[in-house]
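The values are calculated or read from the model by the stated rules, or taken from the named source; none is laboratory data. Everything quoted here is computed from the prediction, not taken from an experiment. Every residue, glycine as well, gets a Cβ built from its backbone with ideal geometry; the counts of neighbours run over all protein chains shown. When the accessible area is computed, the model is the full protein with side chains, heavy atoms only, and any ligands, DNA or RNA have been set aside. Shrake-Rupley method; radii C 1.70, N 1.55, O 1.52, S 1.80 Å.
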Amino acid sequence: MFDALTRQPDDPLLALIGLFRADERAGKVDLGVGVYRDETGATPIFRAVKEAEKRLVETQPTKAYVGPEGDPLFLDRLWELTTGDAGRGRATAGLQTPGGSGALRLAADLLARMGTKGIWLGLPSWPNHASIFKSAGLEVVTYPFFDVPAQSVQFDRMMEALGGAAPGDAVLLHASCHNPTGANLTDDQWRAVSALIAEKGLLPLVDIAYQGYGRGLDEDAAGLRTLLTAVPEALVAVSCSKSFGLYRERTGAIYAACSNAETALSVRTNLAALARTSYSMPPDHGAAIVSMILGDAALKADWMAEIEAMRLRVTAIRERLAAGLSGRWQVLTSIREQEGMFSLLPLEEAQVLKLRAEHAIYMPTSGRINIAGLKTAEVDDVIAKFLSL
Ligand SMILES: Cc1ncc(COP(=O)(O)O)c(C=O)c1O
């Protein structure tokens, strides 16, 4: 009976990880995988996370289910971290989810249940966005977001395309540290797109997965906060994978900002019902850690200091890459202005494959690089290899 299934292609990024592992050359460089790496190439566990884990071992009274909605304290604290003043006092429905992906999937299922037809997705985007939305039965409509050769946001074209959206359509926006381009909207552009969304009666779904890696914790949520004050309703999918280094603990949340408490209650019951028929109850370990860190002044300060150090490392490498590459590719001065872990280089597939074959520098054929995959000591050498293309 299983013969009815056809074999699915390997995820290109996972396949790339396999190729990198199998490469025995010394000095190989992995710019592919989308996790933060430190100067030793490790993806560290935050000090505050380790400490919170120790405390949890001592104090956690039970491993009984948390319930489909998760822990309300975690949800309140994460909402405050993400939305600050803009979210305080707002009628919201929040659900603890298995990572940001789980949050996006629940959002998509909710939209499908509401009868939402189309969701607008700026291109290029994280490939899983389109896959998740299509799996939930939504129609994905695309708008231009970023011009790769010019390395710039195509804001006018984006606004023109969204101008054609029908009332009730959903729009996916990255809050900051855009994956895969690192390009973000300016404050003015956030205001303009928020006004358009409000005026046309669209429902924004904001994906925030890299808070803290761009310009700072508050700065990376500023656009989302602008939007929240301008629109009556919004969905916000939060991932704690990168911001707390909790990748494998699958920690995140979906929030619906609503116009009144009664609607929020209805949305919450629908989200909970969707979760119940999917994974039933969310994992709790990561959420318990995040809640403990955000609720303890000393742990929070230490976490903030550590993520700031990570941010500064990424920013410094961006600076070096921009300086080193812009002599040959003038447009790559933009690497300096881009934010977060990723940039999307305007390379031909043949050039990507040449870097891989001749210099053991690994990135997907799209040209997306993870800036945090570079150690300071190897940046000059990597720049020289790019310049030899
Ligand atoms: C833009 C974006 N959104 C959401 C996610 C979801 O992350 P996770 O499901 O690991 O929390 C990712 C992960 O790479 C991402 O890049």
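Brief remarks on what is shown
- Listed conditions (1) surrounded by fewer than 17 Cβ atoms within 10 Å (Cβ to Cβ); (2) farther than 29 Å from Gly115 by Cβ; (3) in contact with a strand residue (DSSP E or B) (Cβ under 9 Å, 6 or more places away or on another chain) are all met by Tyr210, apart from (1).
- Per this entry, Ala275 is not counted among residues that are surrounded by fewer than 16 Cβ atoms within 10 Å (Cβ to Cβ) and either assigned to a helix (DSSP H, G or I) or of a type in the set (Lys, Arg) (or both).
- The number of residues in the stretch 36-47 being of a type in the set (Val, Ile, Thr) and modelled with pLDDT under 95 comes to 1.
- Residue count, the stretch 240-267 (criterion: surrounded by fewer than 18 Cβ atoms within 10 Å (Cβ to Cβ) and more than 10 Å from the ligand (Cβ to nearest atom)): 7
- Conditions (1) open to solvent by 10 Å² or more (accessible area, probe 1.4 Å); (2) under 28 Å from Gly245 (Cα atoms); (3) out of contact with any Phe, Trp or Tyr (no Cβ under 8 Å at 6 or more places or on another chain); (4) assigned to a helix (DSSP H, G or I): number failed by Arg113: (2)
- When Cys177 is tested against the conditions (1) within 26 Å of Gln330 (Cα to Cα); (2) out of contact with any strand residue (DSSP E or B) (no Cβ under 7 Å at 6 or more places or on another chain); (3) of a type in the set (A, V, I, L, M, F, W, C); (4) surrounded by fewer than 20 Cβ atoms within 10 Å (Cβ to Cβ), the lone failure is (4).
- Qualifying residues in the stretch 88-110 (those that are outside any helix (DSSP H, G or I), in contact (Cβ under 8 Å) with a residue 60 or more places away in the chain and surrounded by fewer than 24 Cβ atoms within 10 Å (Cβ to Cβ)) - the one nearest to the ligand (Cβ to nearest atom): Pro98
- Residue in the stretch 283-301 that is more than 30 Å from Leu106 (Cα to Cα) and of a type outside the set (A, V, I, L, M, F, W, C) present: no
- Every residue from the stretch 339-383 that is of a type in the set (Gly, Ala, Ser) and surrounded by fewer than 23 Cβ atoms within 10 Å (Cβ to Cβ): Ala350, Ala357, Ala360, Ser366, Gly367, Ala377
- The set of residues in the stretch 319-359 being more than 24 Å from the chain's Cα centre (by Cα) and within 22 Å of Ala209 (Cβ to Cβ) is empty.
- The set of residues from the stretch 116-126 being aromatic (Phe, Trp, Tyr) and either open to solvent by less than 10 Å² (accessible area, probe 1.4 Å) or within 13 Å of the ligand (Cβ to nearest atom) (or both) comprises just one member, Trp126.
- The stretch 213-239, residues that are in contact (Cβ under 8 Å) with a residue 60 or more places away in the chain, closer than 29 Å to Ile335 by Cα and open to solvent by 20 Å² or more (accessible area, probe 1.4 Å): Arg215, Leu217, Asp218, Arg225, Thr226
- Looking at the stretch 127-239, the helices (runs of 4 or more DSSP H) lying wholly inside it that each contain 2 or more residues that are under 21 Å from Ala108 (Cα atoms), within 16 Å of the ligand (Cβ to nearest atom) and in the same structural domain as Gly115 (by TED's automatic domain parsing) sit at 127-135.
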